[in-house]
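The values are calculated or read from the model by the stated rules, or taken from the named source; none is laboratory data. No experiment lies behind these values; they were computed from the predicted model shown. Ideal geometry is used to build each Cβ from the backbone, glycine not excepted, and the neighbour counts take in all protein chains shown.
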Amino acid sequence: MPISRPTPSRAELIDHLVRTRIAGDVATPRENNLSHYRKLSNGDRHFWFGLEFGDRWTDEQDVLAVMAERCGVLDDPDHRSGQDTIDPELTVAGLERAATVLRKAASQEQRVLFATGHPGGLIDVHRSIAAALREAGCEIMVVPSGLHADGGYVFQFADVAMLERGATLWHTHSPEPMAAVLDGLAREGRPLPDLVVADHGWAGCAAQRGITAVGFADCNDPALFLGEAEGTVAVTVPLDDHVRDPRFYDPMTAYLLDAVASPPA
């Protein structure tokens, strides 16, 4: 898989992640993180991203402990406001785990579906991975036409499924668009994807239905991290999922695709 962008070293990528606030001291405040952890633990399904947690995560402090371990937020329960963090080492480790899953997909020429609830931030990350996997022989799946979800349309642009409302690409946490895609494929008698690369409810819904899922997730989105902790989500990569310039993700994407193309010795 050729890499069209310069590939940073691990140390260079970590420095870049911190400078651009993809990781390190991120823009999402502590208050927002804790609010979302509390709502998830209180059973608010908007924050479950299509995963089913039952009564396993009813203690906000348990959610915080997982987020500290897997995302790198501050683990002090008395830190209630102000700055919070994503550990850039965990971001890179997540990219490397994701590369293992993507490498398997490439070697087996799997069917792969890409989707994003963050079209303003992550679409080019997904598009670039899709292009590399297609070149490696994977089938990049085409979603059925005419799908509706959450008052909008599910459509695909540059190989990436998204939700559109009123001629605008929509930021969504909902699992319903992915449910519409998977149900639509089943109605058409088409096979389901072997792998989904996505974020938000797109990834959670696929994982809950037993599909291998790689997801990107912010520090205020605990569901995918809990899903990975439980073994439902294959990999969750921690990052700020909407930094001010989406080109900031380019070195991260290049690092990921280089890791896919260059398996460890």
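Applying the selection to segment 75-84, what residues are touching a residue at least 12 places away in the same chain (Cβ under 8 Å) and surrounded by fewer than 20 Cβ atoms within 10 Å (Cβ to Cβ)?
Selection gives 77, 79, 80, 81, 82, 83.
Go through segment 11-26 residue by residue and tally those that are out of contact with any strand residue (DSSP E or B) (no Cβ under 7 Å at 6 or more places or on another chain), more than 20 Å from residue 203 (Cβ to Cβ) and surrounded by 14 or more Cβ atoms within 10 Å (Cβ to Cβ).
Within segment 11-26, residues that are out of contact with any strand residue (DSSP E or B) (no Cβ under 7 Å at 6 or more places or on another chain), more than 20 Å from residue 203 (Cβ to Cβ) and surrounded by 14 or more Cβ atoms within 10 Å (Cβ to Cβ) number 6.
Here are the criteria: (1) surrounded by fewer than 21 Cβ atoms within 10 Å (Cβ to Cβ); (2) within 22 Å of residue 139 (Cβ to Cβ). Tell me which single one residue 166 does not satisfy.
Unmet for residue 166, out of (1) surrounded by fewer than 21 Cβ atoms within 10 Å (Cβ to Cβ); (2) within 22 Å of residue 139 (Cβ to Cβ): (2).
Cβ-Cβ distance below 7 Å, separation of 6 or more or different chains: which pairs start in segment 214-225 with a residue that is more than 17 Å from residue 28 (Cα to Cα) and end on one that is of a type in the set (Gly, Ala, Ser) and assigned to a loop (DSSP other than H, G, I, E, B)?
If the second residue must be of a type in the set (Gly, Ala, Ser) and assigned to a loop (DSSP other than H, G, I, E, B), the pairs left are 214/234.
Filter segment 1-10 for residues that are modelled with pLDDT of 95 or more, surrounded by fewer than 17 Cβ atoms within 10 Å (Cβ to Cβ) and either aromatic (Phe, Trp, Tyr) or assigned to a loop (DSSP other than H, G, I, E, B) (or both) and give the result.
Matches in segment 1-10: 9 only.
Any idea which of (1) in contact with a Ser or Thr (Cβ under 9 Å, 6 or more places away or on another chain); (2) buried (at least 21 other Cβ atoms within 10 Å of the Cβ); (3) among the small types (Gly, Ala, Ser); (4) over 15 Å from residue 118 (Cα atoms) is the one residue 136 doesn't satisfy?
Condition not satisfied by residue 136: (2).
Against the condition in contact with a Cys (Cβ under 9 Å, 6 or more places away or on another chain) and closer than 17 Å to residue 262 by Cα, how does residue 99 come out, does it pass?
Answer is no for this residue.
Show me the strands (runs of 3 or more DSSP E) found entirely inside segment 57-167 where at least 3 residues are farther than 16 Å from residue 213 by Cα.
147-149, 152-157, 160-165
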